[in-house]
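**Q** Here it is: the structure, laid out below.
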Amino acid sequence: MIHRHRSLASCTDHHLTSVSPDGPSDPTALRRWLDRWAAVLAEHAVQPLQERMVGPIDGREQLLSLRRAALRDHHLDDESPCAFIDGRPGERPFATALQLWGIAPSPGSELSVATVLGAGAQRGRLLTGTDVRLLWLTSVDGRTADGQLANGVTAQGHEMLCGAIAALQAHGFTLRDVARTWIYLRRILDWYGEFNRVRTSIFREHGLTGRQQAPPFPASTGIQGTRAGEECTMELLAAQGSTSRISFDEVADSARQNRAFAYGSAFSRAISLRWQGADTILVSGTASIGTDGRTRHLGEPEAQLVETLMAIAALVAPRGCRLTDMASGTVYFKNDEARAAFGRVTRQLELPDLPLVPVRADVCRPELLVEIEAIILGPDDARREPPRRQETRDVR
C-alpha cells in the first residue's frame, strides 16, 4: 500500500493506493488485504471523497461485499460508495486494486463528507465546508427515465451525459462546475469518435466550448471499461464555492502536446484544483500523442511509455511539479508486452515506485499501447515548491 498525505489549512489530504498481492479468487486473502485497507482508514480517521476498485467483473459482488465487511469490522461507514471498473471485460485484469482520495478534518474544522444518492445506481460523496462544496458521483450510465439502458451506443452515451447533468442539478451543481470526468466505454475502439461528437454537442449546449472566455473543459479519461456490462459509464468530480475558497483552472498545453480539442476531443489536458491553500492537479488520461495530434512511436511500447511520462512531466512542470509528486493514478495497458515494458522503463529512468494501478484496457486509438492518468500534489499559494508530503507504505 502506498499512502501519501499532506497537511492543508483545515484538514489532512489522504491518497491511498493498494494492489492486492494475491489473486482475485481467494476470499481469505482478499479479506486480509481489505482489512488492512480499512485499518488505515480508521487509524487516520479518513472520510472518503472518492474511492474506486478495479477488478474482474465476475467477482464484483464478492469483492464489494468483502470490502463492506472490512469497513464494518473497523466501525466505518460500509455504505460509502465505491466505483467498480473492469478494464477489458472477460479477460483477467492485471490486479485487483483500490484507490482512495479522502480527508481527515482538523479539530474544529467545518469540513465534512457525506454519502449522496441519485437515480438508479448513482451514488456519490459530497464534501461541504464554509463556502466550499466538492461532489463526486459514480455509476452514471445510459439509462432512460424508465430505468432501462437506452438502445444502442449513441443513445446510451447521450443518456449518460444527460443523466450526469441531471444528477449535478439535483445537488445544486451544473456542468460548468465539473473539474474532472472518468468515462468508461466497453467497446471504445468501435465508437469513441461518435462519443466525442455527442459529448462536444452537449458541452456546447451548456456553454463549454474550448474558448478562452468560457469555463474550461473538464480534465478527463476516456478508456475501455465497464461496471456491469453497460456500453458506457462515468464518474465525475465537481467543485463549487467562492474563488477565495476553491477554484479550478486549465493547465494549458505543453511543449509536447497541444490542446486535445484541436483534434476533436472535448477535454483539458489537466485541471488544477486549488483549495485549502494548495493545488491538486488532475491530469487527464495521457498517451503518446505529439503536438500535431498524431500517435508517436507506432508499435514501440517502451518508447510510447517514455513519451507518455515525458508529456505528463512537461504538462505539470510549469506548476512547480514533478512525476515524483504523483499521489495516485492508473496506467492502462493494451497487452502484456506493454505491461512488461513499464517495469523496464521506470528502472531505466530510475523512477521510484509510482502509485499507479495497472489495468488491462484498450486506449482510444488501436495503435496506442498505454495511457496514464494521475493526481499530482501541486504547490501551495505561499511556496513555489510542492507542499510537504509524507508517505507511508504497508508492505505486509
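**Q** For the range 69-80, enumerate the residues that are touching a residue at least 12 places away in the same chain (Cβ under 8 Å) and either surrounded by fewer than 21 Cβ atoms within 10 Å (Cβ to Cβ) or among the hydroxyl-bearing types (Ser, Thr, Tyr) (or both).
**A** Selection gives Ala69, Asp73, His74, His75, Leu76, Asp77, Glu79, Ser80.
**Q** Of the residues Thr181, Thr154, Thr115, only one is surrounded by fewer than 22 Cβ atoms within 10 Å (Cβ to Cβ), of a type in the set (Ser, Thr, Tyr) and closer than 25 Å to Arg360 by Cα; which?
**A** On the way: Thr181 fails: surrounded by fewer than 22 Cβ atoms within 10 Å (Cβ to Cβ); Thr115 fails: closer than 25 Å to Arg360 by Cα.
Going through Thr181, Thr154, Thr115 in turn, the sole match is Thr154.
**Q** Go over the candidates Asp253, Asp249 one by one and state the one that is surrounded by fewer than 23 Cβ atoms within 10 Å (Cβ to Cβ) and in a strand (DSSP E or B).
**A** On inspection, the qualifying residue turns out to be Asp249.
Residues are listed down the side, and each one gets a yes or a no for (1) assigned to a loop (DSSP other than H, G, I, E, B); (2) within 19 Å of Pro379 (Cα to Cα):
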{"site": "Arg274", "(1), (2)": "no, yes"}
{"site": "Asp292", "(1), (2)": "yes, no"}
{"site": "Gln304", "(1), (2)": "no, no"}
{"site": "Ala311", "(1), (2)": "no, no"}
{"site": "Ala314", "(1), (2)": "no, yes"}
{"site": "Thr330", "(1), (2)": "no, no"}
{"site": "Val345", "(1), (2)": "no, no"}
{"site": "Asp362", "(1), (2)": "yes, no"}
{"site": "Arg365", "(1), (2)": "yes, no"}
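**Q** May I ask you to verify whether Leu237 is closer than 20 Å to His206 by Cα and in contact (Cβ under 8 Å) with a residue 24 or more places away in the chain?
**A** yes
**Q** Let me ask another. Counting only residues that are surrounded by 15 or more Cβ atoms within 10 Å (Cβ to Cβ) and over 22 Å from the mean Cα position of the chain (by Cα), which one in the range 50-68 is nearest to Cys232 (Cα to Cα)?
**A** Gln62
**Q** Inspect all residues belonging to the range 143-153 and state whether any of them is touching a helix residue (DSSP H, G or I) at 6+ places or on another chain (Cβ under 7 Å), assigned by TED's automatic domain parsing to the domain that holds Arg180, assigned to a helix (DSSP H, G or I) and of a type outside the set (Ser, Thr, Tyr).
**A** Yes, the conditions are met somewhere in the range 143-153.
**Q** Just for the range 4-25: of the residues that are out of contact with any helix residue (DSSP H, G or I) (no Cβ under 6 Å at 6 or more places or on another chain), under 30 Å from Asp58 (Cβ atoms) and modelled with pLDDT of 95 or more, which one is surrounded by the most Cβ atoms within 10 Å (Cβ to Cβ)? Spell out the reasoning first.
**A** Here is the first cut: in the range 4-25, the ones out of contact with any helix residue (DSSP H, G or I) (no Cβ under 6 Å at 6 or more places or on another chain) are 4-17, 19, 21, 23, 25.
Now restrict to residues that are under 30 Å from Asp58 (Cβ atoms): 15-17, 19, 21, 23, 25.
If we keep only those that are modelled with pLDDT of 95 or more too, we end up with 15-17.
Details: His15: 24, Leu16: 26, Thr17: 22.
The selected residue is Leu16.
**Q** What are the residues in the range 1-48 that are under 28 Å from Ser109 (Cα atoms) and assigned to a helix (DSSP H, G or I), if any?
**A** Those that are under 28 Å from Ser109 (Cα atoms) and assigned to a helix (DSSP H, G or I): Arg36, Trp37, Ala38, Ala39, Val40, Leu41, Ala42, Glu43.
The values are calculated or read from the model by the stated rules, or taken from the named source; none is laboratory data. This one's a predicted model, so the numbers in the text were calculated from it and none came from an experiment. Note that we place each Cβ from the backbone using ideal geometry, even for glycine, and neighbour counts take in every protein chain shown.
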